[in-house]
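Chemist: Provided herewith is a single structure, encoded as structure tokens, for subsequent inquiry.
Computed from the coordinates by the stated procedures, all read-outs in this text should not be read as laboratory data. Computed from a predicted structure; not experimentally measured. Quick reminder, even Gly has a Cβ in these numbers, built from the backbone with ideal geometry, and neighbours come from all protein chains shown.
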Amino acid sequence: MSLHNDDRIELQKPLKIKSRLTLLVVASIIIGSAIFAEFSIFDLIFNLDESLSLIGRLFFPPNWSYTTRIISALLETFQMAILGTVFGGIIAIPLSVLAASNFTVKYINVPVRLMLNFFRTIPALVLASLFVAFFDIGSFGGVMALSVFSFGLVSKLTYESIESIDHGQVEALMSLGANKLTILRYAIVPQVLPQFMSYILYALEVNVRAAAVLGYVGAGGIGQSYELNLSWRRFDKVGMIIIVSFAFVLIIDFISSSIRKRLV
Amino acid sequence: MAENILKELPIKPASNFIKRTIIGIIVIALFIWALDGLNYKGLMDTAQGTFLAMIRGILNPDMDYLTNYTIDGLPYAILETIAIAISGTFVSGILAIPFALLASENIVGKRISRIGKIIITMIRTFPEIILALIFISVVGPGAPAGILALGIHSIGMLGKLFSESIESMDIGVKEAVESCGGNNSEILFRAVIPQVAPEFLSYTLFRFEINMRAASTLGLVGAGGIGAPLIFAIRNRNWERTSLIVFVLIITVSIIDIISSRIRKKLV
């Protein structure tokens, strides 16, 4: 039997129109937004010498004598981050249980989730400037802002891990006639606790970074001295703040991530 | 008989009571030390008035600002914020690829990849607001400074995620291209990129969601977007405008989150 031309199977190439159209749309969105924001790479290249001179003024020569002042401000920042994480973590425990769809009914977990989403969308800096309006300039407003912010973060991560627990243990307790609280204590908490601790540490890392800029709106910590020196154009001091706080954040991140690796 | 069974029982693990107590003491000491640094001055005398004014502001949002289609209006500021987030994400998506290749053990070997990983970690820990301030003094205040700040800062996260997906890719495809005599660029374009492209796109979209939130705060320091009008409104106690901006911001961010997570689910 021979194959005639008519019998040949022609494999149709998949239509490229759709993928090309998508590409076109994406490209026009990207180019459009670059034009809208008046972003051009030439500005950057032409101003390159300026950026180099700025870096020179920031870091050479380093102003070592300023370090002691920075360290006390950084410790205040760290204190704010710790308090924000602890308060946020405590509020997050009941709310993440309420938001988990395998533990509560829909009428409870959907509104709780909406509320969590609402809090996570408000930037920490905005929260801080709102709290400063109530509690005056100082670290308390910053701590409140960090608490609200980290409670949103920790609850979201925690309810997601509650939803992905091994259901066998829950069923085992149920078959023994346990009530909801017993299930929570003996089936859910032991499974979620290590992850919860790791999320708390993660929130601490994020909070240290966030606390370092909260001072910009008057909420205490290193951000305040940063804004002050920048407005006085003391670039040598600004450079020193950048170096020291960078080293500080790196150390905290390193410690916290090595603990987290052991936890999970 | 009973004694035998008792002997066979597994030994109870040594109690880590001491370790737990020490950790507990450290945590509590840290907490008390932190509480000591808190300067709580109580509510301000004006707090009640501020609260009432805020409630009034939330009830009467500044609708003129919403329908102001000029450069001073809310629609322009929101669009600018989105544009900053898109451009910043695009810049970082491109720039993160070489960093990710440099940090991947199966591409450059163990030693160089360690250096690459350290570089990426350093970029990640550098706060974006400070980057924005540096770029403002380079290109002047405005959206481009925000784009550059986001573009550089996001390399930290994208580079890490990209390199993880490169490291976990199927090495067989690469070897197949190699055995056919493919050179390095052919390996990159025929074996590496097709495998990691969907994950890269999904991570980039995820970063776009984060950048959308970040872009709305960058304006606080003068890097364009909704942040500047927002901080002015808060400082002037203009709660009518503040509530409107926060409300519109929440809706915009939520819509973008929903769209982007839909696309991400389709991609991977």
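Chemist: Over all directions, how big on average is the projection of the convex hull of the alpha-carbon atoms in the protein assembly as shown, in square nanometres?
Modeler: Its average projected convex-hull area is 39.6 nm².
Chemist: Rg and Dmax of region B:82-174, Cα atoms, in Å?
Modeler: For region B:82-174, the Cα-based Rg and Dmax read 14.7, 49 Å.
Chemist: As I understand it, the dipole of the protein assembly as shown uses +1 on the Cβ of Lys and Arg and -1 on the Cβ of Asp and Glu, about the Cα centre. Which of B:ALA77, B:ILE107, A:PHE39 lies farthest toward its positive end?
Modeler: B:ILE107
Chemist: Follow-up. Treat every Asp and Glu Cβ in the protein assembly as shown as -1 and every Lys and Arg Cβ as +1, leave all other atoms uncharged, and give the resulting dipole magnitude about the Cα centre to the nearest 20 debye.
Modeler: Roughly 780 debye for the protein assembly as shown.
Chemist: Cα centroid distance between region A:42-80 and region A:193-208, in Å?
Modeler: 29 Å
Chemist: How would you rank B:LEU267, B:LEU244, going from fewest to most other Cβ atoms within 10 Å of each one's own Cβ?
Modeler: By the 10 Å Cβ count, ascending, the order reads B:LEU267, B:LEU244.
Chemist: Follow-up. Amide H to amide H under 5 Å from A:ALA100: which residues, 5+ apart in sequence or cross-chain, H placed 1.01 Å off N in plane?
Modeler: none
Chemist: Further question on the same structure: Using the Cα centre of chain B as the reference point, and only Cβ charges (+1 on K/R, -1 on D/E), how large is the resulting charge dipole? Debye, rounded to the nearest 20.
Modeler: 520 debye
Chemist: Using just the alpha carbons, could you tell me how many Å³ per residue the convex hull of chain B encloses?
Modeler: Given the Cα convex hull of chain B, per-residue volume reads 294 Å³.
Chemist: Here is a follow-up. Tell me, what is the percent relative contact order of chain A, built from C-alpha pairs under 8 Å that lie six or more residues apart?
Modeler: 26 percent
Chemist: Find the relative contact order for region B:110-255 and round it to a whole percent, using C-alpha pairs within less than 8 Å whose residues are 6+ positions apart.
Modeler: Computed over region B:110-255, the figure is 24 percent.
Chemist: Quick check on region A:6-147: what are the equivalent-ellipsoid semi-axes from the Cα gyration tensor, as sqrt(5λ), descending, whole Å?
Modeler: In descending order, the three semi-axes are 45, 36, 15 Å.
Chemist: Related question: Where in region A:191-218 is the amide nitrogen less than 18 Å from a point lying 7 Å along the Cα-to-Cβ axis of A:ASP166?
Modeler: A:191-196
Chemist: Can you bin every Cα-Cα distance in region B:8-131 into 5 Å intervals starting at zero and give me the percent of pairs per bin, rounded to whole numbers?
Modeler: Histogramming region B:8-131 at 5 Å steps yields 2, 7, 6, 7, 7, 8, 10, 12, 14, 10, 7, 5, 3, 1, 1, 0, 0 percent.
Chemist: So what is log10(I(q)/I(0)) for region A:65-263 at q = 0.08 1/Å, when the Debye sum runs over its Cα atoms only?
Modeler: Cα-only, vacuum Debye calculation for region A:65-263: -0.33.
Chemist: Taking one equal scatterer on every alpha-carbon of region A:143-214, how large is log10 of I(q)/I(0) by Debye at q = 0.19, 0.23, 0.27 1/Å?
Modeler: At q = 0.19, 0.23, 0.27 Å⁻¹ the computed log10 ratios are -0.77, -0.94, -1.13.
Chemist: Here is a follow-up. Using Cβ counts within 10 Å as a stand-in for footprinting exposure, how do A:LEU153, A:LEU24 rank, fewest first?
Modeler: Starting with the residue having the fewest Cβ neighbours, the order is A:LEU24, A:LEU153.
Chemist: Report the dimensions of region A:154-264 along its three principal axes from the alpha-carbon atoms, largest first, rounded to Å.
Modeler: Result, largest extent first: 69, 27, 16 Å.
Chemist: Which is farthest toward the positive dipole end of chain B among B:VAL138, B:GLY93, B:LEU43, measuring Cα position about the Cα centre, with Cβ charges +1 (Lys, Arg) and -1 (Asp, Glu)?
Modeler: Of the options given, the answer is B:LEU43.
Chemist: Report ³J(HN,Hα) in whole Hz for each residue of region B:36-51, in order, from the Karplus equation J = 6.51 cos²θ - 1.76 cosθ + 1.60 where θ = phi - 60°; Gly and Pro get x.
Modeler: Karplus values, whole Hz, x for Gly and Pro: 4, x, 7, 9, 7, 9, x, 5, 5, 4, 8, 4, 5, x, 4, 5.
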